Amino acid sequence: MNSIETKDVHLHYGDFHALKGITMAMKKNQVTAFIGPSGCGKSTYLRCFNRMNDLIDNVKITGEILIDEVDIYAKNIRVDDLRKHVGMVFQKPNPFPKSIFENVAYGLRVDGISDKAFIEERVERSLRHAALWDEVKDKLKKSAFELSGGQQQRLCIARTLAIEPSVVLMDEPASALDPISTAKIEELIHELKKDYTIVIVTHNMQQAGRVSDSTAFFYLGELIEYGKTKTIFTSPKDERTQNYITGRFG
């Protein structure tokens with residue numbers, strides 16, 4: 001079953017045509033990676049799925065974007081509800097200036113949940129899911145800023161998971177991290193796809209090869225090629241994909 005499907009999506013920033021007729025479907029409980037040179041539309045396309053581009057002036061989007069078969073740009077869609085359903089992890093860890101516990105509990109409190117036992121259980125479960133519980137269980141009241149960069153990024157993942165989304169978007173989630181932290185994030189992505197559909201933007205080709213089931217190559221706002229990761233990396237059909245993967249440009 002497809003979790004995300006887009007049909008002929010065009011996006012303009014003013015006069016700039018940033019996405020040119022993107023049609024693709026991403027399967028449930030799989031990791032889809034977007035690769036391509038800087039400025040090719042990967043992150044712009046990713047941000048269509050939780051309507052983050054709505055926050056930018058002068059953006060025009062046409063085409064259809066369906067998540068779990070619901071048109072997310074339909075008039076009756078409440079964007080706040082959509083963003084609970086579609087979580088986002090950014091390039092740089094962005095914990096709130098609160099305790100570790102309150103970072104994870106934040107979304108639940110915003111939702112109006114006040115049951116202490118429920119919040120405690122959900123915080124623990126989310127931290128376990130983000131492979132962070134054993135490292136922080138004795139310092140939940142400490143500031144999130146006391147954690148290392150890699151731990152902060154896993155905390156942001158736990159915060160995203162606490163509100164139980166069905167889709168998790170990751171925009172270069174390991175690009176600011178050291179190799180050991182990066183490996184932990186990659187292991188985590190493998191675990192999380194059992195329960196979530198994951199879409200990841202990455203500049204790191206090896207990372208795309210390691211973590212994803214399917215890979216989409218973007219170039220100058222177009223989707224050039226999309227398929228199983230192994231196929232894209234070993235026998236791409238388009239010469240531009242081949243040139244990018246072998247480092248001839250990008």
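The values are calculated or read from the model by the stated rules, or taken from the named source; none is laboratory data. Quantities reported herein were computed from a predicted structural model and do not represent experimental measurements. Ideal geometry is used to build each Cβ from the backbone, glycine not excepted, and the neighbour counts take in all protein chains shown.
Here are a few things to note about the model shown:
- Among residues of the range 119-147 that are under 15 Å from residue 107 (Cβ atoms) and touching a residue at least 12 places away in the same chain (Cβ under 8 Å), those with a Cβ under 8 angstrom from a residue that is crowded, with 16+ Cβ neighbours inside 10 Å and of a type in the set (D, E, K, R), sequence gap 6+ or separate chain, pair up as 126/159; 130/154.
- Contacts under 7 angstrom Cβ, first residue in the range 91-116 being at pLDDT below 95, partner among the polar types (S, T, N, Q) and part of a loop (DSSP other than H, G, I, E, B), 6 or more apart: 91/175
- Across the range 207-250, the number of residues qualifying as crowded, with 18+ Cβ neighbours inside 10 Å, of a type in the set (S, T, N, Q) and either over 22 Å from residue 21 (Cβ atoms) or in contact with a His (Cβ under 6 Å, 6 or more places away or on another chain) (or both) comes to 3.
- Of the residues in the range 228-241, at least one is in contact with a Phe, Trp or Tyr (Cβ under 6 Å, 6 or more places away or on another chain) and among the hydroxyl-bearing types (Ser, Thr, Tyr).
- Single condition residue 70 does not satisfy, out of (1) within 20 Å of residue 174 (Cα to Cα); (2) free of Cβ contacts under 8 Å to residues at least 24 places away in the same chain: (1)
- Complete set of residues in the range 74-105 that are in contact with a strand residue (DSSP E or B) (Cβ under 6 Å, 6 or more places away or on another chain) and part of a loop (DSSP other than H, G, I, E, B): 90, 91
- Filtered residues of the range 114-132 (kept if closer than 19 Å to residue 148 by Cβ and surrounded by fewer than 16 Cβ atoms within 10 Å (Cβ to Cβ)): 128
A quick yes/no check of all residues on (1) at pLDDT below 95; (2) among the aromatic types (Phe, Trp, Tyr); (3) farther than 21 Å from residue 123 by Cβ:
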| residue | (1), (2), (3) |
| --- | --- |
| 174 | yes, no, yes |
| 181 | yes, no, yes |
| 184 | yes, no, no |
| 192 | yes, no, no |
| 204 | yes, no, yes |
| 224 | no, no, yes |
| 244 | yes, yes, yes |
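Residues checked against (1) of a type in the set (D, E, K, R); (2) farther than 20 Å from residue 26 by Cβ:
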| residue | (1), (2) |
| --- | --- |
| 173 | no, no |
| 177 | no, yes |
| 187 | yes, yes |
| 197 | no, no |
| 212 | no, no |
| 225 | yes, no |
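- Among strands (runs of 3 or more DSSP E) entirely within the range 1-41, having at least 2 residues that are in contact (Cβ under 8 Å) with a residue 24 or more places away in the chain, in contact with a helix residue (DSSP H, G or I) (Cβ under 9 Å, 6 or more places away or on another chain) and more than 22 Å from residue 70 (Cα to Cα) singles out 31-35.
- Residue count, the range 205-238 (criterion: under 18 Å from residue 9 (Cα atoms) and in a helix (DSSP H, G or I)): 0
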